[in-house]
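A short worksheet on the structure shown next.
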Amino acid sequence: MPEVIVSLRGVSVVYDGHPALHGFDLEVQAGERLALVGPSGAGKTTVLQLCTGAATATTGTVTVLGTELATAPAARLKSVRRRVGAIHQQLHLVGPLRVVHNVNAGHLGTWSRTRALRSLVRPVGLDEARSALGRVGIADKLLERTDRLSGGEQQRVALARVLVQAPELILADEPVSSLDPARAEEVLDLLREVVVGRSRTLVVSLHDFDLARRRCDRVVGLRAGRVAFDLPAGEVSDQHGHDLYRIAT
Amino acid sequence: MTATRDLPDLTAREVGLLPGIAGAGIGPRGGGPPGVHRSGRRLWAAAAAAAVAWSLWSAGVGRDELVNPGGWALVGRFFAAALAPELSADFLGTTLRATLTTVAFAVLGTALSVAAGLVGGVLTSETWWRRTQPGRRRLRPGWVVSRASCGVPRGIHEAVWGLFLVNVLGRDPLVGILAIAIPFGAITAKVYAELIDESARQPFDALRATGTGRVAALGYAVLPVALPDMMSYAFYRLECSLRSAVILGLIGAGGLGAELGLAFQGLAYGRMWTLVYALVAVSALADVWGSSLRRRGTLGRVRLSLLGGTALVVASWVHLRPDLGRLFGAPARRLLVGLATSAWPPALPADGWGGLARRALETVQMSLLAIALASALAVVVAFLATRGGATRPRRAVAGAARLVLLATRAVPPPVWALLFLFVLFPGPLPGALALGAYNFGILGRLMAEVVENLDPRPERSLRALGAPNLSAFAYATVPLATSRFAAYSLYRWEVAARETVVVGVVGAGGLGRLLEQQRAAFNYPGMLATVLTLVAVSVAVDLASASARRSLR
């Protein structure tokens with residue numbers, strides 16, 4: 001029986017009286033690569049935020065890596081956070097720092113304060129950072145200033161940070177929406193590789209319906225805060241996509 | 001674009017920092033071989049450290065006897081008086097009248113510099129001088145002329161303008177107003193020109209292409225967009241004008257500055273603190289008015305502020321009653337010609353070129369020490385003073401830190417210098433400390449706003465993966481803030497170099513002290529030479545600071 005990594009049960013989220021999710025159910029098994037698709041405002045980002053604890057459920061329960069987030073003590077919550085990696089659309093890298101420090105930031109959940117500060121003066125774990133950058137194809141950028149890299153290279157730095165963090169669950173919110181189609185495929189390929197290589201679990205929200213079908217195992221369609229469909233990628237038809245994105249009547 | 005933009009963006013324009021910090025994210029950057037920037041920065045950092053060490057050595061730190069132990073009792077009495085300001089009805093009346101005078105100077109000075117800035121800003125903008133038809137050069141030659149002509153008024157401190165104008169116009173409130181308006185007008189023009197150039201070009205070009213004149217095109221396509229930011233900057237200038245009005249008061253314009261000087265020389269510390277508190281209150285009021293406009297700049301508020309501003313200008317005019325006739329009267333012309341003929345040709349001081357050069361160096365050293373001290377303190381206090389803390393004690397600390405910053409910048413540098421002269425022997429060191437304390441108040445406030453305006457998401461995302469607060473702070477907030485802190489310090493260095501003149505006046509050393517001696521002896525040719533040297537020093541410091549800042553981008 002496969003391990004359940006994420007479980008949302010009957011979750012509703014209300015922001016300022018405006019409902020974002022209604023009675024939402026979702027279970028993600030270990031090793032799955034799951035795509036959340038749907039029009040803007042359907043609740044994709046809210047689902048991901050629930051998993052990191054950045055949003056809280058108004059009703060229902062959210063369980064991540066076996067811990068129910070709403071009732072867990074702070075220490076327990078912290079240990080869950082270390083095991084969850086997040087990739088944001090805006091990357092949230094620190095421009096003036098060198099690439100190695102932005103990659104090493106993935107260690108900060110486990111590094112002591114003194115080790116973290118010492119590394120800023122004299123980088124620790126150079127080999128690991130270099131090999132992580134090597135896996136995303138930019139090992140030569142190790143010592144450059146991050147804001148001197150191109151947008152695609154910065155995306156790879158963000159991936160290398162997650163590699164170094166080695167989380168059990170990777171959450172990616174629209175990781176490719178600012179990239180052209182060829183680069184978007186490339187980045188998703190890298191993400192897939194990372195996930196398969198370490199047998200971990202990926203939940204990614206995507207605008208591009210076709211990309212989701214081609215690059216993930218399972219596709220969950222969201223519409224107006226509810227699950228519209230939840231199917232293996234092979235069983236998702238064009239009609240599903242059409243229904244999902246049709247302007248509400 | 002709305003008036004909700006925060007202050008650092010505007011002052012960043014003044015600092016010339018903006019191209020490096022535009023945008024919240026870290027978009028890709030082209031150009032420049034890797035590593036060049038970093039080594040440039042290291043060179044500048046090493047140069048700065050060496051320069052500060054050299055200044056310390058020259059000021060006699062670690063070699064000479066600097067401290068006069070007899071003065072500590074006076075310092076103790078001074079700070080003890082903070083808890084016992086004089087509150088007699090008589091003196092409170094004096095304080096109120098003095099406050100009104102200082103505010104009136106600041107308001108009229110600001111109004112005039114904003115008007116000058118609007119005209120000057122248009123005339124020095126690239127938009128104004130850009131050719132519509134593709135030609136050999138992109139800009140007309142007039143641009144270079146107009147830009148260059150703004151440099152001199154900016155390079156001379158308000159106090160020096162005051163000394164000059166009082167000799168031409170006689171004792172009249174006009175002197176104080178113009179002494180603020182001339183240099184501040186030039187600074188405002190520079191910022192406004194950049195605001196104009198930053199607005200979208202297409203609407204302006206589209207109007208020009210259909211044959212609209214430059215003025216009309218600006219009025220329809222550019223000014224409506226740039227206006228909220230221009231207004232916001234005007235309020236920042238009002239605060240600067242308040243501080244300048246106090247300094248001008250010390251050298252004869254009356255108001256709080258004059259009363260402060262009197263109280264201090266009479267060792268009436270209780271009175272001094274009453275005046276300082278009045279100053280803190282007025283500065284805080286200007287700060288609150290300006291920042292409420294910046295943060296929640298609804299159209300209603302902007303209108304109300306415009307109305308209130310106009311009323312203030314009228315009231316200030318009635319209060320001060322400057323005599324405009326003096327500006328165009330025959331006596332002014334006669335005095336100007338007389339001053340020019342008696343000052344020309346400039347003459348070296350008694351100890352010749354060497355003496356002038358030595359004092360110029362001393363001036364630079366004073367400014368270096370001042371800014372090193374101010375930045376070191378400001379960096380620490382800025383993080384403490386950041387608004388929006390999560391817990392009640394944290395917010396209390398922030399409030400206290402902001403109050404300390406407000407009070408240190410409310411006390412004008414000459415008064416700080418007199419205070420330091422209680423315990424230190426005269427020389428560049430007390431002058432540097434005085435300027436350091438004053439600029440600490442200003443830099444701390446600017447840096448605190450830099451921290452408040454940083455993109456919070458990188459630090460938040462590190463906390464989300466379980467990083468301890470200190471580590472997240474060190475990996476996200478500190479590197480994001482560092483280059484901006486450095487840029488603001490370099491910018492204040494330029495200002496501090498000009499301000500050395502006002503601590504020199506009370507005997508702290510450098511060119512300012514020489515100028516004061518020459519003034520007392522009516523040595524006009526000598527004064528002219530000293531002022532020219534001051535301008536040269538300020539140009540040199542501007543150039544050094546600008547190229548250091550370029551390495552930060």
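Of all the residues in segment B:139-183, those that are without any contact (Cβ under 8 Å) to a residue 12 or more places away in the chain and touching a Lys or Arg at 6+ places or on another chain (Cβ under 7 Å) number 1.
Working only within segment A:39-51, note down all residues that are among the hydrophobic types (A, V, I, L, M, F, W, C) and either closer than 23 Å to A:Gln165 by Cα or within 9 Å of another protein chain (Cβ to nearest Cβ) (or both). Explain how you work it out, then say what you get.
Let us first name the residues in segment A:39-51 that are among the hydrophobic types (A, V, I, L, M, F, W, C), namely A:42, A:47-48, A:50-51.
The answer is A:Val47, A:Leu48, A:Leu50, A:Cys51.
The rows are residues; the columns are (1) within 21 Å of A:Glu27 (Cα to Cα); (2) not in a helix (DSSP H, G or I).
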| site | (1), (2) |
| --- | --- |
| A:Leu190 | no, no |
| A:Glu193 | no, no |
| A:Val204 | yes, yes |
| A:Asp210 | no, no |
| A:Arg213 | yes, no |
| A:Leu222 | yes, yes |
| A:Leu231 | yes, yes |
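Quick check on segment A:52-67: of everything there that is of a type in the set (Gly, Ala, Ser) and surrounded by fewer than 17 Cβ atoms within 10 Å (Cβ to Cβ), which residue is nearest to A:Pro167 (Cα to Cα)?
Residues of segment A:52-67 of a type in the set (Gly, Ala, Ser): A:53-55, A:57, A:60, A:66.
Narrowing further to those that are surrounded by fewer than 17 Cβ atoms within 10 Å (Cβ to Cβ): A:54, A:66.
On the way: A:Ala54: 17, A:Gly66: 15 Å.
Once the filter is applied, the top-ranked residue is A:Gly66.
Within the option set B:Val541, B:Val503, being buried (at least 24 other Cβ atoms within 10 Å of the Cβ) and more than 10 Å from chain A (Cβ to nearest Cβ) holds for one residue only, B:Val503.
Considering each of B:Leu348, B:Leu304, B:Leu299 in turn, give the residue that is out of contact with any helix residue (DSSP H, G or I) (no Cβ under 8 Å at 6 or more places or on another chain), surrounded by 12 or more Cβ atoms within 10 Å (Cβ to Cβ) and not small (Gly, Ala, Ser). Even if it seems obvious, please write down each step before you answer.
Working: B:Leu348 fails: out of contact with any helix residue (DSSP H, G or I) (no Cβ under 8 Å at 6 or more places or on another chain); B:Leu299 fails: surrounded by 12 or more Cβ atoms within 10 Å (Cβ to Cβ).
Of the residues listed, the single one that is out of contact with any helix residue (DSSP H, G or I) (no Cβ under 8 Å at 6 or more places or on another chain), surrounded by 12 or more Cβ atoms within 10 Å (Cβ to Cβ) and not small (Gly, Ala, Ser) is B:Leu304.
The condition (being in a helix (DSSP H, G or I), over 30 Å from B:Glu158 (Cα atoms) and modelled with pLDDT of 80 or more) is satisfied by just one residue among B:Leu195, B:Leu218: B:Leu218. What tally of residues in segment A:50-65 results from selecting those that are touching a residue at least 12 places away in the same chain (Cβ under 8 Å) and under 18 Å from the mean Cα position of the chain (by Cα)? So the count comes out to 10.
For segment B:400-421, which positions are small (Gly, Ala, Ser) and without any contact (Cβ under 8 Å) to a residue 60 or more places away in the chain?
Taking segment B:400-421 first, the residues small (Gly, Ala, Ser) are B:400-401, B:407, B:410, B:417.
Within segment B:400-421, B:Ala400, B:Ala401 qualify.
Just to be sure, is B:Asp287 acidic (Asp, Glu) and farther than 25 Å from B:Leu242 by Cα? No. Filtering segment A:136-153 to residues that are part of a helix (DSSP H, G or I) and either touching a residue at least 60 places away in the same chain (Cβ under 8 Å) or within 14 Å of chain B (Cβ to nearest Cβ) (or both) leaves A:Asp140, A:Lys141, A:Thr146, A:Asp147, A:Arg148, A:Gly151, A:Gly152, A:Glu153.
Only residues that are in contact (Cβ under 8 Å) with a residue 24 or more places away in the chain and polar (S, T, N, Q) were counted in segment A:69-106, giving 3. Mind listing whichever residues of segment B:388-399 are surrounded by 13 or more Cβ atoms within 10 Å (Cβ to Cβ) and in contact (Cβ under 8 Å) with a residue 12 or more places away in the chain? Answer for segment B:388-399, where residues must be surrounded by 13 or more Cβ atoms within 10 Å (Cβ to Cβ) and in contact (Cβ under 8 Å) with a residue 12 or more places away in the chain: B:Val397, B:Ala398. Of all the residues in segment B:38-86, those that are at pLDDT below 85 and in a loop (DSSP other than H, G, I, E, B) number 9.
Quick check: is even one residue across segment A:14-27 charged (D, E, K, R), surrounded by fewer than 16 Cβ atoms within 10 Å (Cβ to Cβ) and more than 20 Å from A:Ala228 (Cα to Cα)? Full working, then the answer.
Our first condition is that a residue be charged (D, E, K, R); within segment A:14-27, this holds for A:16, A:25, A:27.
From what is left, the residues that are surrounded by fewer than 16 Cβ atoms within 10 Å (Cβ to Cβ) are A:16, A:25, A:27.
From what's left, more than 20 Å from A:Ala228 (Cα to Cα): A:16.
So far as segment A:14-27 goes, yes, one or more of its residues are charged (D, E, K, R), surrounded by fewer than 16 Cβ atoms within 10 Å (Cβ to Cβ) and more than 20 Å from A:Ala228 (Cα to Cα).
Scan segment B:422-476 for residues that are of a type in the set (S, T, N, Q), touching a residue at least 60 places away in the same chain (Cβ under 8 Å) and either under 23 Å from B:Arg395 (Cβ atoms) or within 14 Å of chain A (Cβ to nearest Cβ) (or both) and the total you get is 1.
For segment B:439-470: of the residues being in contact with a strand residue (DSSP E or B) (Cβ under 8 Å, 6 or more places away or on another chain) and in a helix (DSSP H, G or I), which is surrounded by the fewest Cβ atoms within 10 Å (Cβ to Cβ)?
First pass over segment B:439-470, keeping only residues in contact with a strand residue (DSSP E or B) (Cβ under 8 Å, 6 or more places away or on another chain): B:461, B:464-465.
Pick out the ones that are also in a helix (DSSP H, G or I) and you get B:461, B:464.
Numbers: B:Ser461: 25, B:Ala464: 21.
Filtering first and then ranking leaves B:Ala464.
Counting the residues of segment B:519-534 that are closer than 17 Å to B:Arg498 by Cβ and either buried (at least 20 other Cβ atoms within 10 Å of the Cβ) or touching a strand residue (DSSP E or B) at 6+ places or on another chain (Cβ under 8 Å) (or both) gives 5. For the criterion of being farther than 23 Å from B:Ile247 by Cβ and in a helix (DSSP H, G or I), B:Arg402 fails.
Scanning segment A:76-101 for residues that are more than 8 Å from chain B (Cβ to nearest Cβ) and more than 12 Å from B:Arg457 (Cβ to Cβ) yields A:Arg76, A:Leu77, A:Val80, A:Arg83, A:Ile87, A:Arg98, A:Val99, A:Val100.
Using the structure shown, decide if A:Gly109 is buried (at least 19 other Cβ atoms within 10 Å of the Cβ), assigned to a loop (DSSP other than H, G, I, E, B) and free of Cβ contacts under 8 Å to residues at least 60 places away in the same chain. So A:Gly109 fits the description; yes.
Looking at segment B:248-262, which of the residues that are hydrophobic (A, V, I, L, M, F, W, C) and surrounded by fewer than 24 Cβ atoms within 10 Å (Cβ to Cβ) is nearest to B:Arg303 (Cα to Cα)?
Initially, segment B:248-262 is screened for residues hydrophobic (A, V, I, L, M, F, W, C), giving B:248, B:250-251, B:253, B:256, B:258, B:260, B:262.
Right, trim to surrounded by fewer than 24 Cβ atoms within 10 Å (Cβ to Cβ) and you get B:251, B:258, B:262.
Values: B:Ile251: 36, B:Ala258: 35, B:Leu262: 40 Å.
Only one residue fits best here, namely B:Ala258.
Summed over segment A:183-226, the residues that are closer than 28 Å to A:Gly17 by Cβ and either crowded, with 20+ Cβ neighbours inside 10 Å or at pLDDT below 85 (or both) give a count of 7.
The values are calculated or read from the model by the stated rules, or taken from the named source; none is laboratory data. This structure is a prediction, so every number in the text was calculated from the model and none was measured. A quick note on method: Cβ atoms are made from the backbone with ideal geometry, for glycine too, and the neighbour counts reach across all protein chains shown.
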